[in-house]
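Heads up: the structure comes next, in C-alpha cells.
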Amino acid sequence: MTGNGAAPVSAASGWARLAGRHPLLAWLDAALRGSGQVIFMDNPLTGLLNFVALCWGAFAGGTTLAVAIGAVVGNLVSTAAAYPLRADRAALRRGLCGFNGLLVGAGIPTFLAHTPLMWLLLVFAAAGSTVVTLAIGRWFDARKLPGLTFPFVLTTWLVLLAAYRLPGLPIAALPPAELASQASAGGGLASIDAFIRAALRGVAQVFFVDNPVSGAIFLLALAVESRWCAALAAFGAAAATACALAMGADANVVAHGLWSYSAVLTAPAIGCVFLKPGPRSLLYGAAATLFTVIVQGATATFAGTLGIPALTFPFVLTTWLFLLAWRGLGTDAGQ
C-alpha cells in the first residue's frame with residue numbers, strides 16, 4: 001500500500017512491545033503514527049505532539065475545538081476501518097491508513113457548519129477515505145508512486161461539492177465560486193517577526209490551524225523523529241512565503257500561511273523522504289518547493305471556480321511530477 005513513505009521506526013521501544021501485545025493499544029499506536037504520517041513521520045510521539053498542537057490551536061485561537069475533535073475522530077475511524085477492509089498490516093501499523101482520515105476529519109468542520117448531521121457525515125467520510133486510500137494505493141503501487149494526501153483531497157472535495165446540493169449540510173466557510181480574474185498587488189509583511197509568524201502559520205495550516213505557536217509545536221514534533229524533515233518543512237514554509245510575497249500575493253492571505261502549507265510538505269517529500277538526501281536532491285527539493293507556489297496559485301484559481309479550497313493538491317501534484325521527472329534523470333529514488 002502506498003502512503004506518505006516514511007521509514008518504519010524500530011520496534012525496540014517499550015511502547016511498541018506493549019502495543020504489540022494488546023489489540024486496543026495496537027489500534028491507538030497505529031492512530032498516533034497516522035497523525036505523524038501527515039508529515040511523513042512514523043513515530044507515535046510525533047503523532048501525540050501533533051494532537052497537542054491541534055489542541056493548542058483550539059485553546060489559543062486559530063481553529064475551533066471542532067477541528068481538533070474532528071481530527072481525532074477522523075484518525076481513529078479511518079484507522080479502525082482498515083481492519084475489516086484487510087489492509088496490509090505492516091502499512092496499517094505504520095499509520096498509513098489514518099493520516100488521510102485525520103485530515104478529512106479536520107477539514108470537514110473547517111468548511112461546514114457544526115451540526116449533528118455534519119458529525120455523522122464526518123465519521124462516514126473518514127471511513128470512506130480509507131476505502132479511497134486502499135483503492136488509490138493499489139493503482140499507484142503498480143507505478144511506484146506514493147498516494148500522498150490525494151485520498152484526503154478527493155474525499156473532502158466530494159463532500160464539499162455535495163454540500164452545495166444538500167441543504168442539510170450548511171456551508172460555513174467555503175470561498176465563493178467565481179470566475180478567474182487578475183488579483184491586485186497585495187503589499188508585503190510589516191517585519192521579520194510577521195514573516196516568521198506567517199511561515200509558522202504555514203506549517204500549522206497543514207492541519208487547518210492558523211496559529212504560529214501550533215506551527216512551532218508541529219516542527220518540534222517532526223524534529224523528534226527527523227531533524228532533516230523538520231528543517232526542510234521550515235524551509236518550505238519560509239521559501240514559499242517569500243516567493244508568494246515577491247510575486248505580489250495578498251499579504252493578508254500570506255500572513256495566514258495559506259500560500260505556504262503545501263510547500264511545507266513538498267520540501268521534505270522531495271528533499272529527504274522519497275529521494276536520498278544529498279546536494280542534488282536538496283537543490284531539486286528547493287526547486288519543487290518554489291514550483292509548488294505556482295501550482296498553489298493555479299489550483300486556487302481552478303478550485304475557486306467551483307467554490308472549493310485547494311487543500312493539499314498543489315503538494316500532491318508537484319511531488320508526483322518531480323518524482324516522475326527524477327526517474328527520467330536516471331537517478332534512483334530513496335524511500
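The values are calculated or read from the model by the stated rules, or taken from the named source; none is laboratory data. From a predicted model like this one, the values you see are computed outputs, not experimental measurements. For neighbour counting, all protein chains shown are included, and Cβ atoms are generated from backbone atoms with ideal geometry for every residue, glycine included.
Set side by side, the residues Gly34, Gly3 differ, and just one is at pLDDT below 85, small (Gly, Ala, Ser), crowded, with 20+ Cβ neighbours inside 10 Å and within 12 Å of Phe99 (Cα to Cα), which is Gly3.
Answer with yes or no whether Ala267 is at pLDDT 95 or above, surrounded by fewer than 21 Cβ atoms within 10 Å (Cβ to Cβ) and in contact with a Leu (Cβ under 7 Å, 6 or more places away or on another chain). Here the answer is no, as Ala267 does not meet what is asked. Selection of region 66-85 for residues being within 15 Å of Thr130 (Cβ to Cβ) and either buried (at least 24 other Cβ atoms within 10 Å of the Cβ) or touching a Leu at 6+ places or on another chain (Cβ under 9 Å) (or both) yields Val73, Gly74, Asn75, Leu76, Val77, Ser78, Thr79, Ala82, Tyr83, Leu85.
Of the candidates Gly304, Gly278, Gly334, Gly330, the single residue that is at pLDDT below 95, within 17 Å of Val153 (Cβ to Cβ) and surrounded by fewer than 23 Cβ atoms within 10 Å (Cβ to Cβ) is Gly304. Does region 102-118 include one or more residues that are free of Cβ contacts under 8 Å to residues at least 24 places away in the same chain and in contact with a helix residue (DSSP H, G or I) (Cβ under 9 Å, 6 or more places away or on another chain)? For region 102-118, residues free of Cβ contacts under 8 Å to residues at least 24 places away in the same chain and in contact with a helix residue (DSSP H, G or I) (Cβ under 9 Å, 6 or more places away or on another chain): absent. The numbered conditions (1) hydrophobic (A, V, I, L, M, F, W, C); (2) touching a helix residue (DSSP H, G or I) at 6+ places or on another chain (Cβ under 7 Å); (3) closer than 20 Å to Phe150 by Cα are all true for Ala237 except (3).
One residue alone among Leu166, Leu102, Leu148 is assigned to a loop (DSSP other than H, G, I, E, B) and surrounded by 20 or more Cβ atoms within 10 Å (Cβ to Cβ), and that residue is Leu148. Of everything listed in (1) at pLDDT 85 or above; (2) touching a helix residue (DSSP H, G or I) at 6+ places or on another chain (Cβ under 8 Å); (3) of a type outside the set (Lys, Arg), the single unmet condition for Gly61 is (2).
Contact map, region 237-266: residues that are in a loop (DSSP other than H, G, I, E, B) paired with residues that are surrounded by fewer than 19 Cβ atoms within 10 Å (Cβ to Cβ) and hydrophobic (A, V, I, L, M, F, W, C), Cβ distance under 6 Å, separation 6+ or inter-chain. Pairs shown: Gly248/Ala185.
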